[in-house]
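What follows draws every value from the coordinates through simple rules; no lab data is involved. A quick note: this is a predicted structure, and the numbers were derived from the prediction, not measured. Glycine also receives a Cβ, built like all others from the backbone with ideal geometry; neighbour counts cover every protein chain displayed.
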Amino acid sequence: MKLYLFGGTEIDYNQHLILKRLINQVLREINPKQLLHIPYARTIIPKGEEKIWGEDWITRDLDLSQIELLDARNSNDLKRAQKPVIFMNGGPP
């Protein structure tokens, strides 16, 4: 079992670009068939960061071309999950 933890970026220093690159690198490395996205940790998107961390950032910034994206808020997606990699979205409370 492996656990990957990412987080803590400063937009002013463009650290979000590094973080997204690292997430993509790990996804290529582990090559999952499914990615189950659990966005519950994010309750708000900071003002001015909508284009960086908005609802579509995962499909826009992650290479999911060979990965089925599942949304934990969707019961049909949860039913289809077969040993997915679990991705819990972070953000300010």
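How much FRET efficiency would the formula 1/(1 + (r/R0)^6) give for E55 and M88, where r is the Cβ-Cβ distance and R0 is 22 Å, rounded to 0.05? Kindly include the intermediate steps, with their values, before the conclusion.
Values: r = 15 Å, r/R0 = 0.70.
Calculated value: 0.90.
Could you identify which residue out of K33, K83, K47 has the top mean-square fluctuation in a GNM of the chain using Cα springs shorter than 10 Å?
K47
If you work out Rg and Dmax of the Cα atoms in Å from the coordinates, which of [x] 13.3, 40; [y] 19.0, 61; [z] 22.9, 78 do you get?
[x]
Which is the longest stretch in the chain that no exposed loop site breaks, taking sites as GluC sites (Glu not before Pro) with a DSSP loop state and at most 14 other Cβ atoms within 10 Å?
Counting only loop sites that pass the neighbour cut-off, the longest clear stretch is 11-54.
With everything on Cα atoms, drop me the angle between helix 15-30 and the longest principal axis of the chain, reported from 0 to 90° to the nearest 10.
20 degrees
At 7 Å along Cα-to-Cβ for each site, give me the label-to-label distance between L3 and N76 in nm.
3.4 nm
Based on DSSP H runs of at least 4 residues, each adding -39500 (n - 2.57), what is the mean residue ellipticity at 222 nm of the chain after dividing by all its residues, to the nearest 500 deg cm²/dmol? Please list the in-between numbers first.
Details: 4 runs with 31 residues, N = 93.
Dividing the helical sum by the residues of the chain leaves -9000 deg cm²/dmol.
Can you give me the relative contact order of the chain as a percent, contacts being Cα pairs under 8 Å and 6 or more apart? Walk me through the numbers on the way to the answer.
Numbers: 98 pairs, mean separation 38.5, N = 93.
Relative contact order of the chain: 41 percent.
By count of other Cβ within 10 Å, fewest leading, how are L22, L69, L35 ordered?
The fewest-first ordering by Cβ neighbours comes to L22, L69, L35.
Among the chymotrypsin sites (Phe, Trp or Tyr not before Pro) in the stretch 30-93, which ones are in a DSSP loop with at most 15 other Cβ atoms within 10 Å of the Cβ? Mind listing them? Please report the intermediate quantities before stating the final value.
Values: sites: Y40, W53, W57, F87; in loops: Y40.
Qualifying residues, ordered by number: Y40.
Give me the distance in nm between label points sitting 7 Å out from Cα along the Cα-to-Cβ direction at D12 and Q66, one decimal.
Result: 4.0 nm between the two label points.
Work out the charge dipole of the stretch 17-89 with +1 on the Cβ of Lys and Arg and -1 on the Cβ of Asp and Glu about the Cα centre, then indicate which of L78, N24, I44 is farthest towards its positive end.
The one lying farthest along the dipole's positive direction is L78.
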